[in-house]
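Working notes, beginning with the structure itself.
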Amino acid sequence: MDIYKTTDEDFREEEFFADREEISDEFELVITDLRQGVKNPDRVNVFVNNQFSFSLDVSQVVDLGVKKGLTISPEQLEEFKKASEFGKLYQRTLEWVLTRPHSERETRDYLYKKIYDKKLDKSYIDRIIEKLEFKGYVDDRKFAEYYVENRFVKKGVSRRRLEMELMKKGVSSDIISEVFDDGGRDEKEEILKMIKRKRSKYDTDEKLISYLVRQGFSYSLVREVVESSSISADE
């Protein structure tokens, strides 16, 4: 009866194929679990090969087709991690813009700082701005209206100063003009607010007039309002 004898060559061959299987298993990436986030229930924690790998928001999970049991390549894993970074940055920016209206330039400045601090992909900035504008969360016209309506309401402020501040925040001159033309603040009323606060600090009308002109009001209007208010006070 022939007896099969194993040789050193046979053992080396078996070890070779066993090593190949271990290498194959080691590099096979499988999404093994999806768990709802604890701190943020709108995010989903994704586990690859039973280890936490990245998180996505719920809509990203659906859009990217991420599901338990899915085998992915290293390239896909990298793309999912980038999507995770993008989703986190978008969410933070959304929460920030919802605190009050912001201009596009303000939002870009905010994103640049976040990108720089965390060393993220700069291409996220344009994508996030585009998404926020599409959803109406970033709108220079709405921002300018809000700014004009709320800036120094009690203290008084000139149109010229508001225009300069809005331009520094990246709002176009066309939008600024439209906002004021559609119902900006009345310059006389703003001057009267400032006179009420500042008159006691100036011992002459001329000094008060000079101060108000420096705040951006026209000389002729300032003189008219100051003189009329002086007459009213005397009466």
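The values are calculated or read from the model by the stated rules, or taken from the named source; none is laboratory data. Just so we're clear, the structure is a prediction, and the values are computed from it rather than from any experiment. Here Cβ is always computed from backbone atoms with ideal geometry, including for glycine, and neighbour counts include all displayed protein chains.
Checked against (1) surrounded by 12 or more Cβ atoms within 10 Å (Cβ to Cβ); (2) at pLDDT 95 or above; (3) not aromatic (Phe, Trp, Tyr), ARG185 passes all but a single condition, namely (2). Within the range 46-89, the set of residues being in contact (Cβ under 8 Å) with a residue 24 or more places away in the chain and either over 28 Å from the mean Cα position of the chain (by Cα) or assigned to a loop (DSSP other than H, G, I, E, B) (or both) comprises VAL48, VAL66, LYS67, LYS68, GLY69, LEU70, THR71, ILE72, SER73, PRO74.
Among the candidates LEU120, LEU111, LEU89, the residue that is in the same structural domain as ASN45 (by TED's automatic domain parsing), in contact with a Ser or Thr (Cβ under 8 Å, 6 or more places away or on another chain) and crowded, with 17+ Cβ neighbours inside 10 Å is uniquely LEU111. When residues in the range 92-127 are screened for being farther than 28 Å from GLU145 by Cβ, aliphatic (A, V, I, L, M) and assigned to a helix (DSSP H, G or I), 1 of them pass. Examine the range 165-175 for a residue that is over 23 Å from ARG105 (Cβ atoms), among the hydroxyl-bearing types (Ser, Thr, Tyr) and not assigned by TED's automatic domain parsing to the domain that holds ASP109, and state whether such a residue exists. No. Of everything listed in (1) within 29 Å of the chain's Cα centre (by Cα); (2) aliphatic (A, V, I, L, M); (3) not assigned by TED's automatic domain parsing to the domain that holds PRO101, the single unmet condition for MET194 is (1).
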